[in-house]
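Everything on this sheet refers to the single structure shown next.
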Amino acid sequence: AKPEQTNSKEGNMARPEEKAQNMLNKWVKMREDEAKISTNPTLKGRRPYLASLCEKCFEAEKWRKQIIREIGNGIRDIQNPGLGVHAIRDLNDKINKLLREKRHWNKRILELGGPDYQSIERTSASRETEGYDTIGLKGSSGYQYFGEAKKLPGVKVRFVY
């Protein structure tokens, strides 16, 4: 009697599922490890409200990168002309709040001995004056308008070119 042969399709079917499950397990472990690294146990993996609460430079860099991703997502979303006026204003306010928060993290990273991102960003911004889709108001303490927010009623009137 010959040993029973398994169908080759059935033997290969579980392999992609195993790979997917393995990747998910690695991702979950990575997230758990990141949460354990945090020096402030009360935060439990969330970004501190104040940058001064962060005591490690690599953690501050991680939170700064998270803010940059959120800013990028906001700038992407605000390009949609289908959003309502209120949604555009709220999103523009959120982006400006995140930019202000990023400046606080840049300062904290410098205090912890990391690179001076403010000066790096200033020099790269002066080199790349074109290509950035924002306009700011003169004397508005750095408030900027992104995407569709520049077309809002009452905003164009305020600009000084």
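Here are a few things to note about the model shown:
- Picking from residues in the range 48-74 that are free of Cβ contacts under 8 Å to residues at least 12 places away in the same chain and closer than 30 Å to residue 151 by Cβ, the one that is most open to solvent (accessible area, probe 1.4 Å) is 69.
- Only residues that are in a helix (DSSP H, G or I) and crowded, with 20+ Cβ neighbours inside 10 Å were counted across the range 75-90, and they come to 1.
- Remark: pairs (first residue in the range 91-116, over 30 Å from residue 150 (Cα atoms) and open to solvent by 30 Å² or more (accessible area, probe 1.4 Å); second residue of a type in the set (Phe, Trp, Tyr) and part of a helix (DSSP H, G or I); Cβ separation under 8 Å; 6+ apart in sequence or on different chains) = 110/117.
- For the range 36-54, filtering for residues that are hydroxyl-bearing (Ser, Thr, Tyr) and at pLDDT 85 or above leaves 2.
- Some residue of the range 57-65 being closer than 30 Å to residue 155 by Cα and at pLDDT below 90: no
The values are calculated or read from the model by the stated rules, or taken from the named source; none is laboratory data. As the structure is a computational prediction, the values presented were derived from the model and not from experiment. Cβ coordinates were reconstructed from backbone atoms using ideal geometry, including for glycine residues, and neighbour counts include every protein chain displayed. Accessible surface is based on the protein model in full, side chains and every heavy atom, while ligands, DNA and RNA are left aside. Shrake-Rupley method; radii C 1.70, N 1.55, O 1.52, S 1.80 Å.
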